[in-house]
Every structure is written in structure tokens, then in C-alpha cells.
Amino acid sequence: MALMFLTETIQAYRERDPAARSNLEVLLCYPGLHAVAIHAIAAFFWRHRLHTLGRLVSHIGRFLTGIEIHPGAKLGRRLIIDHGMGVVIGETAELGDDVYIYHQVTLGGTSSLAGKRHPTVGNNVIIGAGAKVLGAIHIGENARMGSNAVVVAPVPANQHVVGIPARELQRGAKHADFDPYGTPAEPCLDPLLHELAQLRREITELEDRFARVPQDYVI
Ligand SMILES: CC(C)(COP(=O)(O)OP(=O)(O)OC[C@H]1O[C@@H](n2cnc3c(N)ncnc32)[C@H](O)[C@@H]1OP(=O)(O)O)[C@@H](O)C(=O)NCCC(=O)NCCS
């Protein structure tokens with residue numbers, strides 16, 4: 001069981017994080033993996049009503065990784081917490097499979113009343129760096145939260161949301177495929193090449209316009 005968890009989660013990092021170069025590197029250097037493994041132990045104690053022990057293990061995990069996952073939170077398979085520092089996942093949060101979370105994300109509550117007060121996140125959701133997802137809201141599968149978004153209302157499946165409070169992007173997410181930074185893969189051009197390409201486009205446009213000028217006007 002533990003071996004399957006490690007194997008499939010390491011594999012997920014290898015497939016989804018372009019910075020992950022080897023299984024050993026992921027095993028040793030990815031705090032997100034460590035945090036989720038420690039959470040499995042904390043959650044075991046929590047389920048067996050050893051609440052203080054669960055909290056203590058969770059606290060040790062936070063100390064070691066900078067990621068705070070309440071032992072009562074339910075995590076899906078192949079969860080990736082990239083970079084990780086500052087992530088907080090509350091007690092009644094529930095995450096589906098293949099969720100991808102960046103650093104400084106909070107899955108938090110908006111009420112101090114006991115009971116369900118944290119988000120439920122569907123499969124294959126990406127939550128951008130610094131995003132705060134607050135309250136007992138449902139985030140549909142394949143949805144993407146922009147970096148620094150504050151999400152306080154449910155998000156339909158396949159939707160992208162940005163801003164404070166988060167608003168849906170009109171064109172929505174049409175791509176269910178994963179891309180590591182939550183944005184459509186557009187090659188990152190060298191700024192000079194980008195400028196050159198822009199100049200070429202402008203020259204072509206000017207040539208076209210010039211070709212359309214009646215020859216009588218050309219001196
Ligand atoms: C939200 C996100 C998924 C949107 O991707 P998208 O649907 O492809 O959207 P686009 O990039 O086409 O942008 C659409 C509009 O939203 C705006 N936008 C994009 N991301 C935004 C964000 N995080 N906050 C506010 N506005 C944002 C764009 O400026 C654009 O505005 P415009 O229509 O006025 O020009 C993506 O921008 C994002 O934030 N991903 C998270 C990446 C991340 O956290 N990386 C951490 C790496 S360490």
C-alpha cells in the first residue's frame with residue numbers, strides 16, 4: 001500500500017513537474033511528497049481517535065516541510081504540492097485524485113462552527129500559487145484557480161477563475177490535459193526573438209498596405 005502510494009505519486013511528479021529529473025530526486029527533495037506521506041500517518045491516528053497524536057504528527061510534518069495538513073483532511077491519490085511552503089489544508093477539506101497545488105495555497109474555512117467548513121476539490125484541479133479557496137464550496141473537476149485568486153463561491157467543472165473575489169474567465173478551460181503552470185503551453189520565446197517576430201509582422205503588414213496603394217500615388 002505504502003509502496004504503491006510512493007510509486008504512483010513519484011511517477012505523477014515525474015510526469016507533471018518539468019523540474020523533476022529522477023525518482024530519487026523526487027523522493028529526497030520534494031517537500032510536497034514528504035508532507036503527504038506524513039499526513040497518511042497523522043490521518044491514521046486521527047481515524048483511530050488518537051487526535052492529539054494525529055495533531056502532533058501533523059505538526060512535525062509542518063515543521064519539516066512548511067506544509068500544514070490537518071490530520072482530518074481527506075486527500076485523493078497522486079496529490080502534488082509543488083514547492084509547498086505555506087500551504088494550509090483544513091480539517092474538513094476533501095481532495096479528489098490528481099490535484100495539483102502550488103505554494104501558499106489555503107484550503108480554509110470561513111466559519112468557526114464545527115462541521116463541514118472547508119472546500120471539496122474535484123479530480124484534476126490545479127490551484128495556482130497563493131490562491132485561497134475558502135468555505136464549504138465545491139470545486140468541479142479540471143477547474144483551475146489562478147495564482148492569488150480568492151475563491152469564495154463554487155467553481156463549475158472545467159472552469160478557470162482568477163482575481164479577488166475570483167471570477168470565471170469567459171472562455172473557460174477547454175483543455176483537460178495537464179500543463180504544469182495551469183496555462184496553455186505557449187513556447188516561452190526569448191524576448192529579443194519575440195521583438196524580432198513582432199517587427200517582421202509589422203514590416204509584412206506595411207508591405208501589404210504599400211502594395212495596395214494605387215501606383216499613381218507612388219512617387
Ligand atoms: C488562471 C490561469 C489558470 C488562467 O489561464 P488561462 O485560462 O489560460 O488564462 P489566460 O492566461 O489566457 O488569461 C486570461 C485573462 O486572465 C488574466 N489572468 C490570468 N491569470 C491571472 C491571475 N492569476 N490573476 C488575475 N488575472 C489573471 C489574464 O491577464 C487575461 O486577462 P485579459 O483577458 O484581460 O487579457 C493561469 O493564469 C494561472 O494563474 N495559473 C497558475 C500558475 C501558477 O500558479 N504557477 C506557479 C508556478 S511556480
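Quick grid of which residues meet (1) crowded, with 19+ Cβ neighbours inside 10 Å; (2) free of Cβ contacts under 8 Å to residues at least 60 places away in the same chain; (3) farther than 27 Å from L33 by Cβ; (4) hydrophobic (A, V, I, L, M, F, W, C):
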site: I81; (1), (2), (3), (4): yes, yes, no, yes
site: V88; (1), (2), (3), (4): no, yes, no, yes
site: L113; (1), (2), (3), (4): no, yes, yes, yes
site: H118; (1), (2), (3), (4): yes, yes, no, no
site: G130; (1), (2), (3), (4): no, yes, no, no
site: N142; (1), (2), (3), (4): yes, yes, no, no
site: G146; (1), (2), (3), (4): yes, yes, no, no
site: A153; (1), (2), (3), (4): no, yes, yes, yes
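Hey, among the residues in the stretch 1-10 that are without any contact (Cβ under 8 Å) to a residue 24 or more places away in the chain and in a helix (DSSP H, G or I), which one's surrounded by the most Cβ atoms within 10 Å (Cβ to Cβ)? Give the steps one after another, and end with the answer.
Residues of the stretch 1-10 that are without any contact (Cβ under 8 Å) to a residue 24 or more places away in the chain, as a first pass: 1, 3-4, 7, 10.
Keeping just the survivors that are in a helix (DSSP H, G or I) gives 3-4, 7, 10.
Details: L3: 7, M4: 9, T7: 11, I10: 20.
Step by step, filter the stretch 1-10, then rank; the result is I10.
Does at least one position in the stretch 20-36 carry a residue that is assigned to a helix (DSSP H, G or I), free of Cβ contacts under 8 Å to residues at least 12 places away in the same chain, out of contact with any helix residue (DSSP H, G or I) (no Cβ under 8 Å at 6 or more places or on another chain) and under 20 Å from Y100 (Cβ atoms)?
In the first step, residues of the stretch 20-36 are kept if they are assigned to a helix (DSSP H, G or I); the result is 23-29, 31-36.
Pick out the ones that are also free of Cβ contacts under 8 Å to residues at least 12 places away in the same chain and you get 24-25, 28-29.
From what's left, out of contact with any helix residue (DSSP H, G or I) (no Cβ under 8 Å at 6 or more places or on another chain): 24-25, 28-29.
Pick out the ones that are also under 20 Å from Y100 (Cβ atoms) and you get 25, 29.
The answer is yes, given that some residue of the stretch 20-36 is assigned to a helix (DSSP H, G or I), free of Cβ contacts under 8 Å to residues at least 12 places away in the same chain, out of contact with any helix residue (DSSP H, G or I) (no Cβ under 8 Å at 6 or more places or on another chain) and under 20 Å from Y100 (Cβ atoms).
When residues of the stretch 80-111 are filtered for being part of a loop (DSSP other than H, G, I, E, B) and either away from the ligand (no atom under 16 Å from the Cβ) or at positive phi (or both), how many remain? Full working, then the answer.
Initial filter on the stretch 80-111 (part of a loop (DSSP other than H, G, I, E, B)): 82-87, 90-93, 96-99, 102-105, 109-111.
In the following step, the residues that additionally are either away from the ligand (no atom under 16 Å from the Cβ) or at positive phi (or both) were identified as 83-84, 86, 90-93, 96-98, 104, 109-111.
Total meeting the criteria: 14.
In this structure, is R47 open to solvent by 10 Å² or more (accessible area, probe 1.4 Å), more than 16 Å from the ligand (Cβ to nearest atom), basic (K, R) and under 20 Å from L6 (Cα atoms)? It would help to see each step written out before you state the result.
Numbers: open to solvent by 10 Å² or more (accessible area, probe 1.4 Å): yes; more than 16 Å from the ligand (Cβ to nearest atom): yes; basic (K, R): yes; under 20 Å from L6 (Cα atoms): no.
No: the conditions fail for R47.
Considering (1) crowded, with 17+ Cβ neighbours inside 10 Å; (2) closer than 20 Å to G66 by Cβ, say which one R16 fails and leave the rest.
Checking R16 against (1) crowded, with 17+ Cβ neighbours inside 10 Å; (2) closer than 20 Å to G66 by Cβ, the one that fails is (2).
The values are calculated or read from the model by the stated rules, or taken from the named source; none is laboratory data. Computed from a predicted structure; not experimentally measured. Ideal geometry is used to build each Cβ from the backbone, glycine not excepted, and the neighbour counts take in all protein chains shown. For accessibility, only protein heavy atoms count, side chains too; no ligands or nucleic acids. Shrake-Rupley method; radii C 1.70, N 1.55, O 1.52, S 1.80 Å.
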